[in-house]
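Student: Once you've had a glance at the structure underneath, I'll fire off some questions.
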Amino acid sequence: MSSLSALREGYERFDPRAYLHNNYLPPRADFSSEEFVVPWKLRCLAETFATGEIHGRTLIDVGSGPTIYQLLSACDHFEEIVATDYLAVNREELRRWARGDPGTFDWSPFIQHVCKIEGRGEPWQEKERRLRARLRRILPIDVHRSEPLGAPLRPRADALLSAFCLEAVSPDRAAFARALAHVSSLLRPGGHAVLLGALGESFYLAGAARLPVVPLDEGDVRRALDGAGFVLRQFRSYAMPAALRTGVDDVDGVFFAHAQKPLEE
């Protein structure tokens, strides 16, 4: 597996637009059936946040990349969302979307689908407006540092969300587990963590970049959560069908996990 320094060097070639094209257009982002991976992810997020149990002042999205779909159901339950990413190109992509700049990736099909499955009859433009208003900070992060944001966050976040980040930036399972422990320090006792990630993936493409991924199975994820001090509340998995194995990666499936940080004694 690649070293951490080799991973960092590889990410200098990361192309946000190629990544979005590979993963967030059809066939993977086909909303005609929840047998497709993107609708499955959105359903997991919608159902989990619909319980109303995960809420508060601040949610931190760890390793946002150039995407906002993961925040659509969460944004209704927090006053502020803090997006983070290691790469400046991804942070700029998020800023451009938050400003409503022309030429940014069109997330409207995702927003419309989330509004549909949430079933409140809300115009999708209102959810888009609300997410933009609550996406107040977009910060650099390094999950391999004990202080991922460079300094302690005060007060700590009420919830963490992370989608397809930790396994994609870790050279091995031990580094994945350490990164999860590092980001857990951003979360208050009693706070919740919601994770999406890849199962059985060893690489993915993002333009000229062919980036290694540490292949995880369900046991790896469960052990890392336990080692970081979390109590697992929910775990779901999705097997990638043959029709969605498009050559842009070798992913076997996707996991969804909801865990909680215990209250300190």
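The values are calculated or read from the model by the stated rules, or taken from the named source; none is laboratory data. Since the model is a prediction, treat every value here as computed from it, not as a measurement. Heads up, the Cβs are rebuilt from the backbone with ideal geometry, glycines too, and the neighbour counts pull from every protein chain shown. Remember, those area values only see protein heavy atoms, side chains included, never the ligands or the DNA or RNA. Shrake-Rupley method; radii C 1.70, N 1.55, O 1.52, S 1.80 Å.
Student: For K127, which aspartates and glutamates qualify as cross-link partners when the Cα separation must be under 16 Å and same-chain residues fewer than eight apart are set aside?
Tutor: D76, E79, E80, D106, E118
Student: Also, I was wondering about something else. Taking +1 at the Cβ of each Lys and Arg and -1 at the Cβ of each Asp and Glu, which of Y11, V62, L225 sits farthest along the dipole of the chain towards its positive end, judged by Cα position relative to the Cα centre?
Tutor: The residue sitting most towards the positive pole is V62.
Student: Using +1 at the C-beta of Lys and Arg and -1 at the C-beta of Asp and Glu, which of L187, T84, F105 has the Cα lying farthest in the positive direction of the dipole of region 72-190?
Tutor: L187
Student: Can you list residues from other chains, or at least 5 along the same chain, whose modelled amide H is less than 5 Å from the amide H of D250?
Tutor: Distant-sequence amide H within range of D250: S202, F203.
Student: Mind checking the dipole of the chain: about its Cα centre, +1 per Lys or Arg Cβ, -1 per Asp or Glu Cβ, Debye to the nearest 20?
Tutor: Computed about the Cα centre, the dipole is about 620 debye.
Student: Let me know the shape class of region 170-263, please: from the alpha-carbon gyration tensor, a ≥ b ≥ c as square roots of the eigenvalues, rounded when a/c is under 1.5, otherwise prolate if a/b is greater than b/c, or oblate. Before the final figure, lay out the partial values.
Tutor: Numbers: a/c = 2.50, a/b = 1.75, b/c = 1.43.
Cα axes put region 170-263 in the prolate bin.
Student: Can you classify region 48-145 as rounded, prolate or oblate using the Cα gyration tensor, where a ≥ b ≥ c are the square roots of its eigenvalues, rounded means a/c under 1.5, and otherwise it's prolate if a/b beats b/c and oblate if not? Working shown, then result.
Tutor: Details: a/c = 2.07, a/b = 1.27, b/c = 1.63.
The shape class here is oblate.
Student: Out of the DSSP beta bridges found with both residues in the chain, what percent are antiparallel (nearest 5)?
Tutor: Expressed as a percentage, antiparallel bridges in the chain total about 50.
Student: Return the carbon/sulfur percentage of the accessible area of region 108-265, one whole number, probe 1.4 Å, all protein chains in place.
Tutor: On the way: 3500 of 6810 Å².
Ligands and nucleic acids excluded, carbon and sulfur give 51 percent.
Student: To the nearest 0.05, how large is the calculated FRET efficiency for W40 and R96 if R₀ is 22 Å and r is the Cβ-Cβ distance? Walk me through the numbers on the way to the answer.
Tutor: On the way: r = 28 Å, r/R0 = 1.26.
Approximately 0.20, to the nearest 0.05.
Student: If you don't mind, there's one more thing I want to ask. Hey, if you put +1 on the Cβ of every Lys and Arg and -1 on every Asp and Glu Cβ in region 114-195, which of L160, W124, P171 ends up farthest toward the positive end of that dipole?
Tutor: W124
Student: Something else now. Take every Cα pair under 8 Å in region 4-261 that's 6+ residues apart, average their separations, divide by the length, and report that relative contact order as a whole percent.
Tutor: Values: 498 pairs, mean separation 54.6, N = 258.
Relative contact order here is 21 percent.
Student: Among S64, S108, S73, which one shows the biggest mean-square fluctuation in a GNM of the chain, springs joining Cα atoms closer than 10 Å?
Tutor: Maximum among the listed residues: S108.
Student: Accessible area per residue for the chain in Å², computed with a 1.4 Å probe and the full protein assembly in place, what is it? Walk me through the numbers before you get to the answer.
Tutor: On the way: 11030 Å² over 265 residues.
Normalised by residue count, the accessible surface of the chain is 42 Å².
Student: Note down the net charge around A151, summing +1 for each Lys or Arg and -1 for each Asp or Glu among other residues with Cβ under 13 Å from its Cβ. Intermediate results must be reported in sequence, preceding the final value.
Tutor: Values: positive: R145, R154, R156; negative: D142, E147.
It works out to a net charge of +1.
Student: With a ≥ b ≥ c the root eigenvalues of the C-alpha gyration tensor of region 4-261, is it rounded (a/c under 1.5), prolate (a/b larger than b/c) or oblate? Before the final figure, lay out the partial values.
Tutor: Values: a/c = 1.21, a/b = 1.05, b/c = 1.16.
Rounded shape, in that the Cα axes give a/c under 1.5.
Student: Over region 1-101, with every protein chain in place, what whole percent of the accessible area is carbon and sulfur at 1.4 Å, could you tell me?
Tutor: Working: 1930 of 3880 Å².
The computed percentage sits at 50.
Student: Continuing with the same structure: Quick check: residue separation of S5 and L232 times 0.36 nm, minus the Cα distance between them. What number comes out in nm?
Tutor: On the way: separation 227, 0.36 × 227 = 81.72 nm, distance 3.16 nm.
Once the chain is fully extended between S5 and L232, it gains 78.6 nm.
Student: For the chain, what is the mean residue ellipticity at 222 nm derived from helices alone (per DSSP H run of n ≥ 4: -39500 (n - 2.57); sum divided by total residues; nearest 500 deg cm²/dmol)? Don't jump to the answer; show the numbers that get you there.
Tutor: Details: 8 runs with 86 residues, N = 265.
Rounded to the nearest 500, the figure is -10000 deg cm²/dmol.
Student: By Kyte-Doolittle mean hydropathy of at least -0.5 and Cα axial length of at least 18 Å, which whole DSSP H helices of the chain are selected? Don't jump to the answer; show the numbers that get you there.
Tutor: Working: long enough: 37-50 (20 Å, 0.70).
Answer set is 37-50.
Student: To continue, here is another question. Be a star and scan region 230-250 for residues whose amide nitrogen sits under 15 Å from the point 7 Å along the Cα-to-Cβ vector of R210.
Tutor: Counting only backbone N, you get 247-250.
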